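All remarks here apply to the structure that follows.
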Amino acid sequence: MEPKDNAGAGAAKNASERRIGGVEIVAELQKLPPFDVIVLWQVIEHLPDPWQVLTAAAERLAPNGVLVLDTPNPEAFQFRVLGRRWTHVDAPRHVTLIPAPLLVDHVTQGGLQPVLLTAADKGSNGFNGFGWAFSLKNFFAGATAGAIAHFMGRVLAKLLIPIERTGWRGSTYTAVFKKEATR
């Protein structure tokens, strides 16, 4: 079955051909000197094998180095309400939605310690409005109806601030990990 979104199919094919997130990117990371900071902002959900990239990133951090990432939150309130219609599902571009506990388990096994884990930081809060606006817009094919739905999604996001900014309900989560200094 062909995907309806030809741009998305092309992006997935292109990523697969270049092995983005696979062995080649890991091999390239391994050639580089250690970094003080590595940022994967809205990246890991696009990778066919995020675990390999996260492991390589942890290995490339200098002592006291920091890994920062943000990714869609599969525990989000929006995902519970919208299900497969949630804009952050975004197949075929998003190939993995990683629950935070699973991410923490993997990264800590790689020698990093969590410093911050939140679904209510400024970056995550911005994605709440994005999620409602684009999820509702995608229900409508017409430009005018889509624009109205987009606006209503932004309004809905403001009304839902008390819900989405508490607990683990935000649309995305931000995680910061630190590599301990060697003794």
Legend entry - Criterion: over 24 Å from residue 35 (Cβ atoms) and touching a residue at least 60 places away in the same chain (Cβ under 8 Å) - qualifying residue of 72, 162: 72
Legend entry - Single residue of 35, 77 found to be under 27 Å from residue 169 (Cα atoms) and either open to solvent by 50 Å² or more (accessible area, probe 1.4 Å) or modelled with pLDDT of 95 or more (or both): 77
Legend entry - Condition met for residue 116 (buried (at least 16 other Cβ atoms within 10 Å of the Cβ) and either at pLDDT 95 or above or in contact with a helix residue (DSSP H, G or I) (Cβ under 7 Å, 6 or more places away or on another chain) (or both)): no
Inset, instruction - Could you list, in sequence order, all residues of the range 80-97 that are in contact (Cβ under 8 Å) with a residue 24 or more places away in the chain and outside any loop (DSSP other than H, G, I, E, B)? - result: 82, 85
Legend entry - Index of the failed condition, residue 122 passing every other in (1) modelled with pLDDT of 95 or more; (2) out of contact with any Leu (no Cβ under 7 Å at 6 or more places or on another chain); (3) not polar (S, T, N, Q): (1)
Inset, instruction - Please indicate, with yes or no, whether at least one residue in the range 137-152 is buried (at least 19 other Cβ atoms within 10 Å of the Cβ) and touching a strand residue (DSSP E or B) at 6+ places or on another chain (Cβ under 9 Å). - result: no
Legend entry - Residues satisfying the stated conditions in the range 68-120, i.e. of a type in the set (Ser, Thr, Tyr) and within 25 Å of residue 140 (Cβ to Cβ): 87
Inset, instruction - Test residue 182 against the criterion of being of a type in the set (Val, Ile, Thr), under 25 Å from residue 38 (Cα atoms), open to solvent by 50 Å² or more (accessible area, probe 1.4 Å) and touching a strand residue (DSSP E or B) at 6+ places or on another chain (Cβ under 6 Å), and give yes or no. - result: yes
Inset, instruction - Kindly list the number of the only condition in (1) open to solvent by 50 Å² or more (accessible area, probe 1.4 Å); (2) touching a residue at least 60 places away in the same chain (Cβ under 8 Å); (3) farther than 18 Å from residue 174 by Cβ that fails for residue 59. - result: (2)
Inset, instruction - Hey, can you tell me all the residues within the range 98-116 that are outside any loop (DSSP other than H, G, I, E, B) and within 13 Å of the chain's Cα centre (by Cα)? - result: 100, 103
Inset, instruction - Return a yes/no flag: does the range 95-109 have any residue that is closer than 23 Å to residue 160 by Cβ, modelled with pLDDT of 95 or more, touching a strand residue (DSSP E or B) at 6+ places or on another chain (Cβ under 7 Å) and open to solvent by less than 30 Å² (accessible area, probe 1.4 Å). - result: yes
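The values are calculated or read from the model by the stated rules, or taken from the named source; none is laboratory data. Please read all numbers here as calculations on a predicted model, not as lab measurements. Here the Cβ is made from the backbone with ideal geometry for all residues, glycine too, and neighbour counts use every protein chain on show. Note: accessible area is taken over every heavy atom of the protein model, side chains too, but ligands, DNA and RNA are not part of it. Shrake-Rupley method; radii C 1.70, N 1.55, O 1.52, S 1.80 Å.
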